[in-house]
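Take a look at the structure set out below.
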């Protein structure tokens, strides 16, 4: 095999869940091959560097072998090398600055007691931020 379509390769390497998701990412300029934006029909060859923008991280992969069929997850490292810099991967571990109180679906609006607890939590958070300044 000399070349494979980029959308098919992205799907086969499990970077995208479906081939149509991979094609949409190519059309929306979220995929670069050798630092050039690409169409879904572009061929990828061994040695090419594929860059995928998935917010908040920009992943980079080097093509080691070409495949056109979806692989089991354990076989993927034999066909592509993840060359994403550690600084990009660290973006996944950045703590969120916003406070989100999770509630089970269908429980309705917070009760008066829950609302007071949320307000207390928010006040404590804002007071801590002001002391850091």
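The values are calculated or read from the model by the stated rules, or taken from the named source; none is laboratory data. None of the values given here were measured: they were computed from a predicted structure. Positions of Cβ are generated from backbone atoms using ideal geometry, with glycine treated the same way; all protein chains shown enter the neighbour counts.
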Check your understanding: Quick check, is residue 73 surrounded by fewer than 14 Cβ atoms within 10 Å (Cβ to Cβ), within 13 Å of residue 15 (Cβ to Cβ) and at pLDDT below 95?
Key -> yes
Study note, to complete from the structure: Restricting region 43-70 to residues that are without any contact (Cβ under 8 Å) to a residue 40 or more places away in the chain and surrounded by 17 or more Cβ atoms within 10 Å (Cβ to Cβ), the one nearest to residue 93 (Cα to Cα) turns out to be 51
Study note, to complete from the structure: Of the candidates 84, 111, 120, the one satisfying the condition of being surrounded by 10 or more Cβ atoms within 10 Å (Cβ to Cβ), at pLDDT 85 or above and in contact with a strand residue (DSSP E or B) (Cβ under 9 Å, 6 or more places away or on another chain) is 84
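Okay, residues lined up against (1) farther than 30 Å from residue 125 by Cα; (2) assigned to a loop (DSSP other than H, G, I, E, B):
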{"position": "8", "(1), (2)": "yes, no"}
{"position": "23", "(1), (2)": "yes, no"}
{"position": "69", "(1), (2)": "yes, yes"}
{"position": "104", "(1), (2)": "no, yes"}
Review point. So which residues in region 71-84 are touching a residue at least 60 places away in the same chain (Cβ under 8 Å) and part of a strand (DSSP E or B)?
Key: 80
Practice item. Please work out if residue 68 is closer than 19 Å to residue 8 by Cβ and at pLDDT 85 or above. Key: yes
